[in-house]
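**Student:** What follows is a structure written as structure tokens; I'll ask about it next.
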Amino acid sequence: MLILHNPLQSRHAGRQEMFRGRLVDCHEHPGRFDHVMNALAQRPQGQLATPGAADMALVRRVHAAEYVDFLQNAWAQWVALDAANAALDILPSVWPGHGLRRDVHPANFSAQVGRFAFDSGSPITAGTWEAAEAGAACAIDAARAIATAGGPRAAFALTRPPGHHAGTDFYGGYCFLNNSALAAQALREAGMARVAVLDVDYHHGNGTQQIFYGRSDVLTVSLHGDPLTEYPFYLGYADETGEGEGAGWNLNLPLPAGTGVDAWFDALRQGLTRVAQSGAEALVVALGVDTFAGDPISKFRLQSPDYLRIGRQIAAAGLPTVFVMEGGYAVAEIGVNVVNVLEGFAHTAG
């Protein structure tokens, strides 16, 4: 397995996020990455490498150009408003809610932030763009590696910030560029006629769904906490199956808070069955391990040994596979759980 890790991930280090009415230390922080790297040092799963430069043309085929421009320039604009802002993170304070317009690009910086953000828990910092851009490079390079003749059967884009909540022109859920979507697009452009994205994060991959909702060349499957009670709340319901050419090419498998191992693996089997039926030639796995019973912001009951089983079942699909790091906030266990997935996959695939 090729493991592409993000050498710039630590440059995105938010100070605080708004969580349940309070400003708290960010749940998504550089220590998550460090624990996975430490676990890989103890149980190596393949060749470690760093990515090349991000293919920004591909990024702009997935994300709207004005949104990418905003992310690239947000910090400079923020500090230009007031030099004291360099000691603060960017968080939105206004949003274009019901009945308000999103088609106008306002000149006011705070209004721009609210136009592109959908929550107040995803701070932009001095190094957010650099970290997100390098993460995109990890995902794109991982996809191109498995699509290359003689390349690896699997690759892992080990990066942060995560990506699956970011849509064509919005960010939130700690996500800015959608790495799983970028990997899927790179696989399509490398010649795969159809690609499947399987999202096993606790939270619905609303950004990935939105990006591909009208397409039939990328199947999106997500098993996640029921949005009636779980973030991101406003997308992820079972009746969302795609539209236009994409009708029938989105599968949501929402599960109630407190779901245990048996029910979760039943949903995984349903998802993998749909992947097999789709005729996909490659698979992208949005690998969140916040399904762990000890996760501080999630409510499923998987234990560390269950992640070996996840890897085995994904390997049994028999597809070239890109794993993309998403959530997981029980920091002490994140490394063990991620490496268990990779080890279960490698032992079965091998």
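**Student:** Can you tell me which residue among R312, R269 is on the phi < 0 side of the Ramachandran plot, in a helix (DSSP H, G or I), in contact with a helix residue (DSSP H, G or I) (Cβ under 6 Å, 6 or more places away or on another chain) and open to solvent by 50 Å² or more (accessible area, probe 1.4 Å)?
**Tutor:** R312 is the lone residue from the list that is on the phi < 0 side of the Ramachandran plot, in a helix (DSSP H, G or I), in contact with a helix residue (DSSP H, G or I) (Cβ under 6 Å, 6 or more places away or on another chain) and open to solvent by 50 Å² or more (accessible area, probe 1.4 Å).
**Student:** Also: Out of everything in the range 130-169 that is more than 20 Å from F70 (Cβ to Cβ) and polar (S, T, N, Q), what residue ends up being surrounded by the most Cβ atoms within 10 Å (Cβ to Cβ)? Break it down into steps so the answer makes sense when it comes.
**Tutor:** The initial filter retains those residues of the range 130-169 that are more than 20 Å from F70 (Cβ to Cβ), namely 138-160.
Narrowing the set further to residues that are polar (S, T, N, Q) leaves 148, 159.
On the way: T148: 10, T159: 29.
This residue is T159.
**Student:** Taking the stated definitions as given, is S216 at negative phi and surrounded by fewer than 18 Cβ atoms within 10 Å (Cβ to Cβ)? Walk me through how you get there before you give the answer.
**Tutor:** Working: at negative phi: yes; surrounded by fewer than 18 Cβ atoms within 10 Å (Cβ to Cβ): yes.
Spelling it out, S216 is indeed at negative phi and surrounded by fewer than 18 Cβ atoms within 10 Å (Cβ to Cβ).
**Student:** Here's something else I'd like to know. Of all residues in the range 5-61, which are within 20 Å of L88 (Cα to Cα), of a type in the set (S, T, N, Q) and either assigned to a loop (DSSP other than H, G, I, E, B) or in contact with a strand residue (DSSP E or B) (Cβ under 6 Å, 6 or more places away or on another chain) (or both)?
**Tutor:** Residue satisfying the conditions is Q16 alone.
**Student:** Could you tell me which numbered condition Y174 fails, if it satisfies all but one of (1) aromatic (F, W, Y); (2) more than 18 Å from D119 (Cα to Cα); (3) touching a residue at least 60 places away in the same chain (Cβ under 8 Å)?
**Tutor:** (2)
**Student:** Take the range 1-46 and flag every residue that is loosely packed, with under 15 Cβ neighbours inside 10 Å and of a type in the set (D, E).
**Tutor:** The one that is loosely packed, with under 15 Cβ neighbours inside 10 Å and of a type in the set (D, E): D25.
**Student:** Further question on the same structure: Residues to consider are V341, V285, V275; find the one that is open to solvent by less than 10 Å² (accessible area, probe 1.4 Å), in contact with a helix residue (DSSP H, G or I) (Cβ under 7 Å, 6 or more places away or on another chain), closer than 16 Å to G205 by Cβ and at pLDDT 95 or above.
**Tutor:** Criteria check complete, one pass: V285.
The values are calculated or read from the model by the stated rules, or taken from the named source; none is laboratory data. Every value quoted in this text rests on a predicted model; they were computed, and no experiment measured them. Cβ coordinates were reconstructed from backbone atoms using ideal geometry, including for glycine residues, and neighbour counts include every protein chain displayed. To get the accessible areas, we keep the full protein, side chains included, count just its heavy atoms, and leave off ligands, DNA and RNA. Shrake-Rupley method; radii C 1.70, N 1.55, O 1.52, S 1.80 Å.
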